[in-house]
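Undergrad: Have a look at the structure that comes next, please.
The values are calculated or read from the model by the stated rules, or taken from the named source; none is laboratory data. This structure is a prediction, so every number in the text was calculated from the model and none was measured. Note that each Cβ is placed from the backbone with ideal geometry, even for glycine, and that neighbours are counted across all protein chains shown.
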Amino acid sequence: MDRGKAICDELKKAGINHLVWLTCSATHFMHKSMLSDPDFKVIPVCREAEGVGICVGLHLGGKRTALIVENAGIFDSGNGLSWVAAWEIPMVMIVGYIRRPPVPAGLPPSRLGLNRDYTESFLSFFGINSYPLDSDEDVKNVALAGAETQRTRQPVALLVTDETYVPNM
Amino acid sequence: MMKRVEALKAIADFRTDAIVVFTMGAMQEWDQISPGPFNLQSSQAMGYASSVGLGLAIACPDKKVIVLDGDGSLLMNLGILVTIANEAPKNFIHVVLENGIYEIAGQEPLPGIGKFSLRGLALAAGAPKAYEIDDLRELREQLPTLMSESGPIFLGIKTEPGPREPVRKGSAVEMARTLEKALQPGYVVK
């Protein structure tokens, strides 16, 4: 399965026609499909919270949106997420898990662990449910997320892990 | 320089049925000066009125979208200048009321005030049209053209700092609901 294309097809079936995007290594596999698909309006942004605001405007203007960003950017967008929750804005979020390397030997361990360790808890603090999008089997979660966000009028996240990429930090 | 309320009244006179997203200082007066279903108060997340306005402009290409932003607010979201220029919606006007201070929070000056130009930043970000006006008469003379020109347009309006007053917040959520309904096909303005 070309999972990137399959995800894009499911997004379209969910009525999502606008993708607000800040590039991320975990979701890189779907970038080619989404950028080459004429049915999508893809809006690249400079900062993830900026994208949250754009999604609010798109929704109020009658468009269904997906925000495609990295989990670290989601942490940066807390103010925007509280706003989306308060205004009850449906939004599918495709969130890349970026796995940071362990702390080098001899240094004190990080109290917060790895970014992926607290992604779900961060999202759930804002009332955002999350589902995995890590396998061909998980592609069905796109339809689930699309339906849930319209029903609940709360964002729903799909979490994409990139196990192969380790930033050189 | 002019008072903020004078600038807002001038804009209201040429608004017609544009969608107006307003934040910070403009929240004090706009909805009273120019009420209607196409108003949206953006107060929940400071800095993002311009982002919401851009989303609306993309979603509703047949409607003019005006953002009444603050200079401190824009500084929190400068990347939007690049995004606006990149998307280049023809129906978008980004008005920034520049009083040089965080008027609502406590009247403190913006960092670096006097050293930067928001119009300059907009142009450097790729804005095709960026203007700066500090005279009320000139603003009134230019507004008919600005409102009919193809955008996106950046318009910095220099205003006098106002007194610190309690924030007059309407219900932003109610406005959002009203706007959402008003933008649906078949909606009739009463």
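Undergrad: Assuming A:V103 fulfils every condition listed in (1) modelled with pLDDT of 90 or more; (2) out of contact with any strand residue (DSSP E or B) (no Cβ under 6 Å at 6 or more places or on another chain) apart from one, which condition is it?
TA: The one condition A:V103 does not meet is (1).
Undergrad: More than 24 Å from B:I19 (Cβ to Cβ), touching a residue at least 40 places away in the same chain (Cβ under 8 Å) and either surrounded by fewer than 19 Cβ atoms within 10 Å (Cβ to Cβ) or more than 8 Å from every other protein chain (Cβ to nearest Cβ) (or both), is that true of A:E88?
TA: no
Undergrad: Right, another one. Which residues, counting only those in the range B:44-70, are more than 7 Å from every other protein chain (Cβ to nearest Cβ), modelled with pLDDT of 95 or more, surrounded by fewer than 24 Cβ atoms within 10 Å (Cβ to Cβ) and more than 10 Å from B:V20 (Cα to Cα)?
TA: Once the filter is applied, which keeps residues that are more than 7 Å from every other protein chain (Cβ to nearest Cβ), modelled with pLDDT of 95 or more, surrounded by fewer than 24 Cβ atoms within 10 Å (Cβ to Cβ) and more than 10 Å from B:V20 (Cα to Cα), the range B:44-70 yields B:P61, B:D62, B:K63.
Undergrad: Also: Could you list, in sequence order, the residues of the range B:5-40 that are surrounded by fewer than 24 Cβ atoms within 10 Å (Cβ to Cβ), within 14 Å of chain A (Cβ to nearest Cβ) and out of contact with any Ser or Thr (no Cβ under 6 Å at 6 or more places or on another chain)?
TA: Across the range B:5-40, the qualifying residues are B:A18, B:N39.
Undergrad: Do any helices (runs of 4 or more DSSP H) lying entirely in the range B:1-86 carry at least 1 residues that are closer than 15 Å to A:V52 by Cβ, and which ones are they?
TA: B:49-59
Undergrad: In addition: Answer with yes or no whether A:G53 is within 7 Å of chain B (Cβ to nearest Cβ), at positive phi and either aromatic (F, W, Y) or more than 14 Å from the chain's Cα centre (by Cα) (or both).
TA: Here the answer is no, as A:G53 does not meet what is asked.
Undergrad: Quick check: is even one residue across the range B:104-111 hydrophobic (A, V, I, L, M, F, W, C) and either within 13 Å of chain A (Cβ to nearest Cβ) or touching a residue at least 60 places away in the same chain (Cβ under 8 Å) (or both)?
TA: yes
Undergrad: If I filter the range A:14-35 for residues that are surrounded by fewer than 16 Cβ atoms within 10 Å (Cβ to Cβ) and facing chain B (nearest Cβ under 7 Å), do I get at least one hit?
TA: No, because not a single residue in the range A:14-35 is surrounded by fewer than 16 Cβ atoms within 10 Å (Cβ to Cβ) and facing chain B (nearest Cβ under 7 Å).
Undergrad: Which members of the range B:1-36 meet the condition of being at positive phi and of a type outside the set (A, V, I, L, M)?
TA: B:T16, B:G36
Undergrad: Does the range B:96-103 include one or more residues that are buried (at least 21 other Cβ atoms within 10 Å of the Cβ), more than 9 Å from chain A (Cβ to nearest Cβ), modelled with pLDDT of 95 or more and closer than 14 Å to B:P152 by Cα?
TA: There is at least one residue in the range B:96-103 that is buried (at least 21 other Cβ atoms within 10 Å of the Cβ), more than 9 Å from chain A (Cβ to nearest Cβ), modelled with pLDDT of 95 or more and closer than 14 Å to B:P152 by Cα.
Undergrad: Does A:A147 satisfy being in a helix (DSSP H, G or I), at pLDDT 95 or above and closer than 30 Å to B:E180 by Cα?
TA: yes
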